[in-house]
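One structure is given here, and the rest of the page talks about it.
The values are calculated or read from the model by the stated rules, or taken from the named source; none is laboratory data. It should be emphasised that the depicted structure is a prediction, and the values quoted were computed from it without experimental measurement. Cβ atoms come from the backbone with ideal geometry, glycine included; neighbour counts cover every protein chain shown. Each accessible area value is taken on the protein alone, full model and side chains, heavy atoms only, with ligands, DNA and RNA left out. Shrake-Rupley method; radii C 1.70, N 1.55, O 1.52, S 1.80 Å.
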Amino acid sequence: MFYHQLYLVLLLVLVTININSLALTIDQKSNTVHLEAPNLSGQYHNNRPSLPFSSNVNKIELISKADIINPCNGTFMKTNGTTCGLKEIMLGRCYQYQYIQRGLYLSNTTAVKNCTELYELFESEVRFKPYCNMNMSTYEKYFQRALEGVHVINRAIFWSGTYAITHTYSGHGHNYITLEDTLAANMLDGLMWCGKENDPQGFDYVSCPNNCQDNRWADLAFWGLASKTFAERVAGEIYVVLNGSRTDGRPSYRNGSYFAEFELPNFQRTGPYRVTKINILVLHTPDLPVVERCGDKSIIHLEHLIRDAQFEYICIDDPDELLLIMCGDSWGARECEVARTALRRAWDLKVLGKSNANYYPLSLLLLFFTGIFRQMLSN
Ligand code: NAD
């Protein structure tokens with residue numbers, strides 16, 4: 001009974017103080033510009049969208065293949081076939097990567113790769129060739145050449161269900177290096193392609209198969225080999241970013257994922273380019289429920305696999321740097337409120353020499369006391 005009364009009194013105090021805080025917050029907000037943050041962490045990257053832009057779905061279904069001679073001619077039309085300008089995009093990215101982005105892991109003396117040669121190695125394996133005939137050796141020559149001389153030491157980062165945030169964190173190779181930060185994968189990341197026999201262009205620009213029922217290796221041919229070759233070339237400490245709040249029902253570590261099938265089994269255990277330690281980073285998206293954390297379900301299975309392969313293992317839930325990126329992405333999220341206030345205060349102090357956000361320590365105190373009283377009441 002005493003606790004209930006005390007709780008009521010505290011609630012009254014809370015309401016009074018919060019009204020004051022609110023006044024301060026509103027005051028402060030009027031001076032603040034709020035930018036719309038891009039949605040990063042919830043996105044799943046998919047190179048092979050099963051359908052084009054949703055608003056065009058019916059329109060595109062109604063257009064038969066025969067009606068479309070060349071969807072890349074004149075007006076832009078999104079199809080689920082080969083990306084228009086595939087060759088030009090690949091060549092452009094190759095030059096951009098080597099002459100502008102240069103310096104990621106290329107030293108000043110690294111020989112520049114011949115972009116035309118790389119494109120031709122790629123094209124010779126796909127153009128005029130049926131997509132479903134491809135297999136895990138189709139792109140061997142391309143990767144041998146494009147990844148020649150590449151070894152990523154202590155900076156390689158892998159992702160599974162966390163494409164967008166991992167790339168924000170890697171900083172396009174400035175902080176860490178993902179597969180897509182290598183020339184070989186950069187040239188094709190986000191693009192689609194499939195060859196077509198008896199076609200003057202040799203590519204199908206209208207529709208690529210979504211899956212090849214009789215040959216699953218065809219679907220894995222490019223990204224499977226890309227993942228395997230990259231994994232063989234990383235060394236020292238590596239990082240893997242997993243999604244601990246997947247909303248698609250998949251576990252954080254999933255058998256059959258590219259990471260499980262092509263990356264983890266190909267980390268070298270011996271030799272000059274051996275992996276020593278695997279750092280697992282499990283992220284939990286603000287405002288979404290926690291599905292798995294370090295030491296849970298599928299992550300226990302992953303830990304066993306890593307330890308059995310005799311790599312050192314550590315698992316960290318939501319490292320600070322990634323927390324900040326997640327909150328930057330979900331600025332309004334409940335879990336990010338304290339960070340928002342603390343940042344405002346720190347920046348006001350830095351820039352103005354004083355802070356209006358003086359309700360911050362009070363909020364923390366109130367949160368603390370409310371927690372204690374809730375605990376007492378539940379006992
Ligand atoms: P994920 O679950 O986020 O899947 C990544 C992409 O591959 C998604 O588009 C997914 O739909 C598709 N995918 C996953 N498993 C598949 C399968 N068995 N068959 C066909 N498509 C499948 O994460 P993941 O599967 O672990 O792959 C990510 C890892 O593999 C990364 O570390 C990256 O190095 C590499 N990878 C990159 C790309 C890319 O497009 N850049 C694609 C695949 C794999």
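Here are a few things to note about the model shown:
- W193 long-range amide H proximity, modeled H, under 5 Å: T83
- Heavy-atom accessible area with a 1.4 Å probe sorts R250, R334, largest first, into R334, R250.
- Vicinal HN-Hα couplings computed from phi for region 144-160 (Karplus, 6.51 cos²θ - 1.76 cosθ + 1.60; Hz; Gly/Pro x): 4, 6, 5, 9, 4, x, 8, 9, 9, 10, 6, 10, 7, 9, 10, 9, 8
- Here's how it looks for R274: its modeled amide H is under 5 Å from those of G236, which are all 5 or more places away or on a different chain.
- Per-q log10 I(q)/I(0), region 86-330, q = 0.08, 0.14, 0.17 Å⁻¹ (Debye; single scatterer per alpha-carbon; no solvent): -0.33, -1.00, -1.34
- Shape category assigned to region 73-202 from the gyration tensor of Cα positions, a/c cut at 1.5: prolate
- Karplus-derived HN-Hα couplings along region 332-337 (A = 6.51, B = -1.76, C = 1.60, θ = phi - 60°), whole Hz, x at Gly and Pro: x, 5, 4, 5, 9, 4
- Dipole magnitude of region 86-330, debye to nearest 20 (Cβ charges: Lys/Arg +1, Asp/Glu -1, about Cα centre): 480 debye
- Cross-link pairs K113/K228; K78/K129; K78/K113; K277/K350 - those with Cα-Cα distance over 29 Å: K78/K113; K277/K350
- Taking amide H as placed 1.01 Å from N in the peptide plane, the amide H of I316 sits under 5 Å from that of I280, L281, V282, each at least 5 places away or on another chain.
- Each residue of region 246-258 was assigned a 3J(HN,Hα) from its phi angle through the Karplus expression (A = 6.51, B = -1.76, C = 1.60, θ = phi - 60°), giving 5, 9, 9, x, 8, x, 4, 10, 10, 4, x, 6, 4 Hz with x at Gly and Pro.
- Applying 1/(1 + (r/R0)^6) with R0 = 45 Å to the Cβ-Cβ distance of L343 and N70 gives a FRET efficiency near 0.30.
- With all protein chains kept in place, the per residue accessible area of region 160-266 amounts to 35 square angstrom at a probe of 1.4 angstrom.
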